[in-house]
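The values are calculated or read from the model by the stated rules, or taken from the named source; none is laboratory data. Small disclaimer: the values here were computed from a predicted structure and weren't measured. Quick reminder, even Gly has a Cβ in these numbers, built from the backbone with ideal geometry, and neighbours come from all protein chains shown.
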Amino acid sequence: MSIGNDRNEEIRILKDGHPFFVMRHSLRSFTKEKNWESLLMASQNMMSIYPEVEFGWYSYALSLLMLSEYEEAKMSFKKAIYLNSDSIDSYFHLGITNYRLGEYEEAIINYSIALKKGMNNHLIYFNLGNAHYKSNNTDNAINLYLECLSISPKFKEASNSLLEIYFDNADYFNTDESTISIINDPRLLDYLITQAQIISKKENNPSNSDLRKAIRLLNSAIYIDDRHSVAYYERSKVKALLGDIKGHSHDKAMAFQIDTYNREGDYFFAYSPSLIKKDAGAN
C-alpha cells in the first residue's frame, strides 16, 4: 500500500489507526526480539508509506547498525534526527555507529547530546567512557566509568574497563609520581579497595597474579590517601597471603595507628570501606 504525497489520506489513515500503528507495533516487536532482518524489511515498508516519520528511519538505521552496515546506518540515523531533533535514541545509536567506525570524537558529541537531552542510565556513561578512552581522554573515561558503576554497581563491563586502565595505562607501583593521574572522585578509593577485596578472595584460592593485582589497586588507593586505614589493612592481608610477613606487619600497624575506633583486637569491625566510614561517623 502506498499513499504517496496525499497528506489528507495519510492523516485519515493515522486517525483510523491503520496501518501506521500496526507497523509501529511490528517494528517494536522485531526490535525486542532482536530480529534485525525482519526489522530491516518492516522499516523499509514503513518508510515507503510514511517517509517523513522519524520512527521508520530510526528502526531502519538500527537494523543496519546491528547488521554491521555502519556507513548506511550513520546516514539513516542522521535522517531520523533531521526529522526529529529530540530523538534521544537516534543520537545514542548514532554515537554507537560513530564508535564502530572509529569516529570517537563524533561519538562523544552524539553521546553527550543524548545525555543532555535526558538519557541517564548506566549505558550512556559506559559508552561515553569508551569513546573518551579511545580518544586518550583517560581522566574523563575513569570518571564516566565510575558514574556508570554508581548507577549499576554490578555492570561487569565497566569494572573491566576501569581495571584495564589501571593495570595497562597507570602502573602506580612502578611509575614516577609526575606521570600519575589522580582522579579527585570520592568513589575512586572505595572502588579500588572493593575490587582489591574481590580479586584477593577470588574463589577462595587466588593466584599470585591475582594477589599482585590486588596489591597494585591498594597501592593506588594509598597513594591517593596515605591516611586510609582500610587500604593499609586490606594490603596487610594480601601481603600475608603473598608471604610478605614484614610488609604484613607494617601495614597492619599503620592501619591500627591511623584508626583505633573501628578495630576490635586484631580486626576491623567491617571490611567494606563504605561500612567503616558509616560506623566512624555514627557518633
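Can you give me the ranges of the helices (runs of 4 or more DSSP H) entirely in the range 218-283 with at least 2 residues that are in contact with a Gly (Cβ under 6 Å, 6 or more places away or on another chain), at pLDDT below 90 and exposed (fewer than 12 other Cβ atoms within 10 Å of the Cβ)?
Numbers: elements: 229-241, 245-258, 273-280.
Correct list: empty, since no element meets the threshold.
Tell me, please, whether a residue that is at pLDDT 95 or above, among the hydroxyl-bearing types (Ser, Thr, Tyr) and not in a helix (DSSP H, G or I) can be found in the range 90-108.
For the range 90-108, residues at pLDDT 95 or above, among the hydroxyl-bearing types (Ser, Thr, Tyr) and not in a helix (DSSP H, G or I): absent.
When you check Ile151 against the structure, is it over 24 Å from Asp225 (Cβ atoms), at pLDDT 95 or above and surrounded by 14 or more Cβ atoms within 10 Å (Cβ to Cβ), yes or no?
The answer is no for Ile151.
Within the range 144-158, how many residues are assigned to a helix (DSSP H, G or I) and over 10 Å from Phe126 (Cα atoms)? Lay out the reasoning, then the answer.
We begin by selecting, within the range 144-158, every residue assigned to a helix (DSSP H, G or I); these are 144-151, 156-158.
Filter again for over 10 Å from Phe126 (Cα atoms), leaving 150-151, 156.
Going through the range 144-158 one residue at a time, the tally reaches 3.
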